[in-house]
Ligand code: GLU
């Protein structure tokens, strides 16, 4: 398939999803997100041979929120390998991304690294191995996306921290079960800063291109994950990347993916490309309404999936 064909398809999608932009509801759990204009859309493909195509507001940056959880897991797998799985599971949660009850029943071991508790415990693991986690994470995105101007949105990070109580409750609960080593507030500050990293769709697709390329960053040739870890991470994304709606996403899109409450979604077509989409209006599961439809249209129009 040619790049020109990808471009034509993305242009069509940007037009077709327009009526959906006003249908979702922007995340309102912090003021910094509640004030975002819902009427935005962008989609970008980054191919494993280093080409980019984009449609919509391509230069518009947004905080990546939970899509950062994929990089958190990546950095932790690099440092801990399989030992990480003693502290976090690999199963879909079947409950809300910020559920406390499951954590209580399951003795402080979160179901997977893509729900909040799982990402927070993974941050705790990273905190023990990095001297300045938020700068390291920012630098990782800058290098992989190839842009030194990428920053952390301080207003969003501060707002998350101010309204941290539920995430703090999860961390304290894990501490009570002996599954948390560092100071809760310090780890949460890192976690919120990871969530508040700002990228546009092109940068987001590019930063995660290694997921489509057997763990190798196609710009630098650097091995980010081993091929085996890359397969395992993509498998977990397929089963657990879309909060409590991973089944519906898998059914409609046929690719592994990860969403964030800002309205960002990343999806992976192994050996071909990563695709990032952004539209802030969310459905009841916290996933972008136009974003999911855009990826569904992409998979239908190009007749692609992992199956
Ligand atoms: N910063 C958000 C939180 O922890 C991330 C939520 C998300 O994108 O799922 O509540």
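We did not get these values from a lab; they are worked out from the coordinates using the rules stated. For clarity, every value in this text was computed on a predicted model and none was experimentally measured. Here Cβ is always computed from backbone atoms with ideal geometry, including for glycine, and neighbour counts include all displayed protein chains.
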Taking the 0 to 90 degree range and rounding to the nearest ten, how far is the long axis of helix 165-176 tilted relative to the main principal axis of the chain, both from C-alpha atoms?
50 degrees
What ranking of 170, 1 emerges when the number of other C-beta atoms within 10 Å of each C-beta is taken as an exposure proxy, fewest first?
1, 170
How much length, in nm to one decimal, is gained on full extension between residue 100 and residue 136, taken as 0.36 nm per residue of separation minus their Cα-Cα distance?
10.0 nm
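Let me know the volume per residue of the alpha-carbon convex hull for the range 196-307, in Å³. Walk me through the intermediate numbers first.
Values: hull volume 11.0 nm³, N = 112.
Residue-normalised Cα hull volume stands at 98 Å³.
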When N counts the residues of the range 123-208, how does its alpha-carbon radius of gyration compare numerically with 2.2 N^0.38 Å, as a ratio?
1.17
Let me have the relative contact order for the chain, percent, based on Cα pairs under 8 Å that are six or more residues apart.
27 percent
Can you sort 176, 219, 42 from fewest to most other Cβ atoms within 10 Å of each residue's own Cβ?
176, 219, 42
Just to confirm the number: angle between the C-alpha axis of helix 116-127 and the first principal axis of the chain, 0 to 90 degrees, nearest 10?
70 degrees
So if we plug the beta-carbon distance of residue 148 and residue 91 into 1/(1 + (r/R0)^6) with R0 = 30 Å, what FRET efficiency do we get, rounded to 0.05?
0.20
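Which peptide among 49-59, 28-38, 228-238 comes first, and what is the full order, when sorted by highest mean count of other Cβ atoms within 10 Å? Mind dumping the intermediate values first?
Values: 49-59: 17.0, 28-38: 14.9, 228-238: 19.0.
Ranking, from highest mean packing down: 228-238, 49-59, 28-38.
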Cα convex hull volume per residue for the chain (Å³):
111 Å³
Simple SL model, points at 7 angstrom along Cα→Cβ for residue 1 and residue 29; separation in nm is 3.3 nm
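Fewest Cβ neighbours within 10 Å first, please rank 134, 79 accordingly. Could the numbers behind the result be given before it?
Details: 134 18, 79 13.
Arranged by neighbour count, lowest to highest, 134, 79 become 79, 134.
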Can you compute the helix-only [θ] at 222 nm over the chain? Use -39500 (n - 2.57) per DSSP H run of at least 4 residues, normalise by all residues, nearest 500 deg cm²/dmol.
-13000 deg cm²/dmol
For the Cα atoms of the chain, what angle does the longest principal axis make with the long axis of helix 68-80, in degrees from 0 to 90, nearest 10?
60 degrees
Roughly how many whole Å is it from the C-alpha centroid of the range 220-292 to that of the range 1-69?
13 Å
